[in-house]
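Student: My structure is below; once you've seen it, I'll send some questions.
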Amino acid sequence: MKSSRGSYSRPGAERRYDTGRAGPIKAPKGLRDVKGLLSSREFFNKLRKRTRENAHLIDAEIERRSVRDLTVLMCDSSGFSRKTNEFGILQFLGVMTYCYDRLIPLIEEDGGLVLSHDADNILAIFEDPLKAITAAADMHRWLRRYNDHRPPGEQYNVCIGIHRGKLLRLADNIFGSCVNIAAKLGEDLAEKDEILVTKEVAERGRKRFKIDYTRSTELGGRTLELFRVKYK
């Protein structure tokens, strides 16, 4: 296969890395159990029927069926524009796909549920913030081993943001400021190979990781303290 710029080389053809997965991996039952949760279609149909008179009833039902306290992990590709310009979109996406096939099982092994991996990012939820940080560190460690001694066109790096809070958990999607904050951290604020978390996550993560305050930022009209997770 030829990319728009140069030849496509299949990443991993020379050597492969095992994620250590012994068999099929599944997220915790609590995350996989969607019984009682609204689907996106049901959710938006209810919003279409929401009026000034019945808003309190509609809102109460949605909150009862969908509001959850969860940890959100957003993983975004690093250097997308530069690498696609330099090596071609097909080469980049080929490397990304190869890595996704190995990173997603790591998330699952650490107790996460991947909701989407569209475009060049991965969105996952966890019940435990510490497990989300563990998954992020495992992902970076795997990529470090994978990238070792590879040419630049076959390397892949990510930026990861993690936040915890209440959100709307649907059977097939999630909504809320918690999701937006995690996305902002992972897609815009975290740097290459970095894990950036909020105070809510840092407090739990210090049980196992060294986590340092890095800066404060304004997001959605509120000030958030951001912390960088150190991993080896």
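Student: Sorting F126, F43, F92 on the 10 Å Cβ count, fewest up front, what's the list? Numbers along the way, then the final one.
Tutor: On the way: F126 26, F43 20, F92 23.
With the sparsest Cβ surroundings first, the list reads F43, F92, F126.
Student: Something else about it: Hand me the GluC sites (Glu not before Pro) from the range 148-232 located in a DSSP loop with no more than 11 other Cβ atoms within 10 Å, in residue order please. Working shown, then result.
Tutor: Working: sites: E154, E187, E191, E194, E200, E203, E218, E225; in loops: E191, E194.
Loop-located and lightly packed - E191.
Student: Could you give P(r) for the range 64-194, binned at 10 Å from zero, as whole percent values over all Cα-Cα pairs?
Tutor: Each 10 Å bin holds this share of Cα pairs: 13, 45, 31, 10, 1, 0.
Student: What's the magnitude of the charge dipole for the chain around its Cα centre, counting Lys and Arg as +1 and Asp and Glu as -1 at the beta-carbon? Answer in Debye, nearest 20.
Tutor: Its charge dipole is roughly 280 debye.
Student: A 23 angstrom limit on the alpha carbon distance is what I want to check against. Which of K35/K199; K131/K166; K131/K210; K166/K210 exceed it?
Tutor: Distance filter (> 23 Å) returns K35/K199; K166/K210.
Student: Multiply the residue separation of S177 and T97 by 0.36 nm, subtract the distance between their alpha-carbon atoms, and state the gained length in nm to one decimal.
Tutor: 25.9 nm
Student: Over the chain, with a Gaussian network built from C-alpha contacts below 10 Å, which listed residue (A136, A202, A119) shows the highest mean-square fluctuation?
Tutor: Looking only at A136, A202, A119, the largest GNM fluctuation is found for A119.
Student: Please order I89, I162, I174 by the number of other Cβ within 10 Å, starting at the fewest.
Tutor: Starting with the residue having the fewest Cβ neighbours, the order is I89, I174, I162.
Student: Sort M139, M96 so that the residue with the fewest other Cβ atoms within 10 Å of its own Cβ comes first and the one with the most comes last. Kindly include the intermediate steps, with their values, before the conclusion.
Tutor: On the way: M139 24, M96 20.
In order of increasing Cβ crowding within 10 Å: M96, M139.
Student: List, in order, the whole-Hz ³J(HN,Hα) value for each residue of the range 218-232 obtained from phi through the Karplus relation with A = 6.51, B = -1.76, C = 1.60 and θ = phi - 60°; use x for Gly and Pro.
Tutor: Karplus-based 3J(HN,Hα) across the range 218-232 equals 8, 9, x, x, 9, 8, 10, 8, 10, 10, 9, 8, 9, 9, 10 Hz.
Student: Here's a follow-up. Quick one, which of [x] 231; [y] 134; [z] 155 is the actual volume of the Cα convex hull per residue in Å³ calculated for this model?
Tutor: Recomputing volume of the Cα convex hull per residue in Å³ here gives the entry labelled [z].
Each reported figure results from applying straightforward, stated rules to the coordinates on display, with no laboratory input. A quick note: this is a predicted structure, and the numbers were derived from the prediction, not measured. Heads up, the Cβs are rebuilt from the backbone with ideal geometry, glycines too, and the neighbour counts pull from every protein chain shown.
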